[in-house]
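Working notes, beginning with the structure itself.
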Amino acid sequence: MFIVENDYSIHYCSEKCLDETHCGDIIVPDEHLQQCHVCDKEKKCDRIGRKGDGVNAEFILYVSAIDTNRCQPIDTLATASFCQLEPDKDR
């Protein structure tokens, strides 16, 4: 569960942040992530962990190759999905 500020620029995790951030089956490197924002039950909010350097790119493509039932029936070769959309651009 998370809390969102009015302008959707910061998402606050509820009580703790996850040890790993996933994009599908990929673990996103810490260097690609912002600092974690967390709020406790009393709604006291803070940043924890270190801030990554980020990526100087408009788009990042994480690719994984795994045997999964998502590729059923047998004629499905690949699937794709998104991890995050920009709230102000809906992309």
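The values are calculated or read from the model by the stated rules, or taken from the named source; none is laboratory data. Predicted model only: the values in this text are computed from it and were never measured. Positions of Cβ are backbone-derived with ideal geometry, glycine not excepted, and every protein chain shown enters the neighbour counts.
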Would you check if Asp67 is at pLDDT below 80, on the phi > 0 side of the Ramachandran plot and acidic (Asp, Glu)? no
Look through the stretch 37-65, keep the residues that are surrounded by fewer than 10 Cβ atoms within 10 Å (Cβ to Cβ) and over 20 Å from the mean Cα position of the chain (by Cα), and return whichever of them is nearest to Lys16 (Cα to Cα). Lys41
